[in-house]
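Q: Just dropping this structure here.
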Amino acid sequence: MSYIGKKNGNPNTDFLEAGGELENHDLINVDSSGNVNLDDNKKAQFGASNDLQIYHDGTDSVIKDTGTGNLVLTSNGGGIFLRNNEETETYANFNNNGAVELRYDNSQKFITTSTGINVTGAITVNGSALSSGLSEVDMWELTSSLSCTGLTNNIPTGWSRVNHDGFEKIGTGLSHSSGVFTFPSTGYYSIIFHASYERNGNNLDYLVSVIQTTTNGSTYSDASANYTQINATPTYQAVVVPFVFKVTSTSTHKFKIKVFPEALVTLQGDTGVAFSSVTTMKLGDVWWQI
């Protein structure tokens, strides 16, 4: 027989027992305020198979769903709110027809919006913090035209940071000395060499534009190149050479620009127009909208 009944005994104490033979550890105490009290590890169980259990194990308070369905929390009010015992700090707010808010030490860090999410503070991926925008962008130009011929033509001089038509670097920017470009910080960098050539009466079956890199600070190798030809027409030719460089040390990871023409050719330069230029951008700082 299953039942809940009042235990015979002291009329000033309301003890209830639920089925079976009454023992001390089975007692449910309803105190004078109407509160139902259960001892540690005594469970309020719901469902034919005791699928939902609520109890205190002596250390933690537990709500356990042992069934095959879902544990569903619903609210007909403003939403579901998780707070500390004193209700002075909020862990998370789940607002009906509104935002989900996550907090750290009661400070909002993450919130959903109708168009996406807003994050306050840094986002860290695999130990590295992402910034909310670009941190390093720089652009250098060849300020005067350069006659190039022969098999090896590194460009040691004539480079200057672009300072016209609204360009402004972001971050510290590159440094340059004797044809060597040095990065301001470690990370992944996109390097783009844009070259504008003019033929000097010669037909060139090959004209190679090269980005050279070093990872030991001294030995340079051709990292990326673009082969083209300049014949009678057109007189001018533009070439783009891209490369992505993983810079793990600013003292050893550097790059140069090289031009490798079959015959005499002019690499165009100017102080007011970036005919031939180098552009770098630090990657991993851009957030993409999906």
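The values are calculated or read from the model by the stated rules, or taken from the named source; none is laboratory data. This one's a predicted model, so the numbers in the text were calculated from it and none came from an experiment. Note that each Cβ is placed from the backbone with ideal geometry, even for glycine, and that neighbours are counted across all protein chains shown.
Q: Does Gly171 count as touching a residue at least 40 places away in the same chain (Cβ under 8 Å), surrounded by 13 or more Cβ atoms within 10 Å (Cβ to Cβ) and either more than 33 Å from the chain's Cα centre (by Cα) or outside the structural domain of Val265 (by TED's automatic domain parsing) (or both)? Steps first, answer last, please.
A: Details: touching a residue at least 40 places away in the same chain (Cβ under 8 Å): yes; surrounded by 13 or more Cβ atoms within 10 Å (Cβ to Cβ): yes; either more than 33 Å from the chain's Cα centre (by Cα) or outside the structural domain of Val265 (by TED's automatic domain parsing) (or both): no.
The answer is no for Gly171.
Q: On to the next question. For segment 199-233, which residues satisfy the criterion of being modelled with pLDDT of 90 or more and within 15 Å of Leu264 (Cβ to Cβ)?
A: Passing the criteria: only Val208.
Q: What number goes with the only condition from (1) touching a Cys at 6+ places or on another chain (Cβ under 9 Å); (2) among the aromatic types (Phe, Trp, Tyr); (3) at pLDDT 95 or above that Phe243 does not pass?
A: Status for Phe243: all satisfied but (1).
Here is a yes/no grid of residues against (1) assigned by TED's automatic domain parsing to the domain that holds Ala44; (2) touching a strand residue (DSSP E or B) at 6+ places or on another chain (Cβ under 8 Å); (3) exposed (fewer than 10 other Cβ atoms within 10 Å of the Cβ); (4) within 30 Å of Lys42 (Cα to Cα):
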position: Leu71; (1), (2), (3), (4): no, yes, no, yes
position: Glu86; (1), (2), (3), (4): no, no, yes, yes
position: Ala92; (1), (2), (3), (4): no, yes, no, yes
position: Gly98; (1), (2), (3), (4): no, yes, no, no
position: Arg103; (1), (2), (3), (4): no, yes, no, no
position: Ser107; (1), (2), (3), (4): no, no, no, no
position: Phe110; (1), (2), (3), (4): no, yes, no, no
position: Gly127; (1), (2), (3), (4): no, no, yes, no
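Residues are listed down the side, and each one gets a yes or a no for (1) at pLDDT 85 or above; (2) part of a strand (DSSP E or B):
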| position | (1), (2) |
| --- | --- |
| Ala129 | no, yes |
| Glu141 | yes, yes |
| Ser144 | yes, no |
| Ser147 | yes, yes |
| Leu151 | no, no |
| Asn163 | yes, no |
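Q: Any chance segment 43-52 includes a residue that's within 40 Å of the chain's Cα centre (by Cα) and surrounded by 13 or more Cβ atoms within 10 Å (Cβ to Cβ)?
A: To start, the set of residues in segment 43-52 that are within 40 Å of the chain's Cα centre (by Cα) comprises 52.
Next cut, surrounded by 13 or more Cβ atoms within 10 Å (Cβ to Cβ) only: 52.
Yes, some residue in segment 43-52 is within 40 Å of the chain's Cα centre (by Cα) and surrounded by 13 or more Cβ atoms within 10 Å (Cβ to Cβ).
Q: Turning to a different aspect of this structure: So which pairs qualify, if the first residue must be in segment 220-233 and not assigned by TED's automatic domain parsing to the domain that holds Thr182 and of a type in the set (A, V, I, L, M), the second must be exposed (fewer than 12 other Cβ atoms within 10 Å of the Cβ) and modelled with pLDDT of 90 or more, the Cβ gap must be under 8 Å, and the two must be at least 6 apart or on different chains?
A: Filtered contacts from segment 220-233: no entries.
Q: Could I ask something else about it? When you go through (1) under 25 Å from Asp270 (Cβ atoms); (2) surrounded by 17 or more Cβ atoms within 10 Å (Cβ to Cβ) one by one for Pro184, which number turns out not to apply?
A: Looking at each condition in turn, Pro184 falls short on (1).
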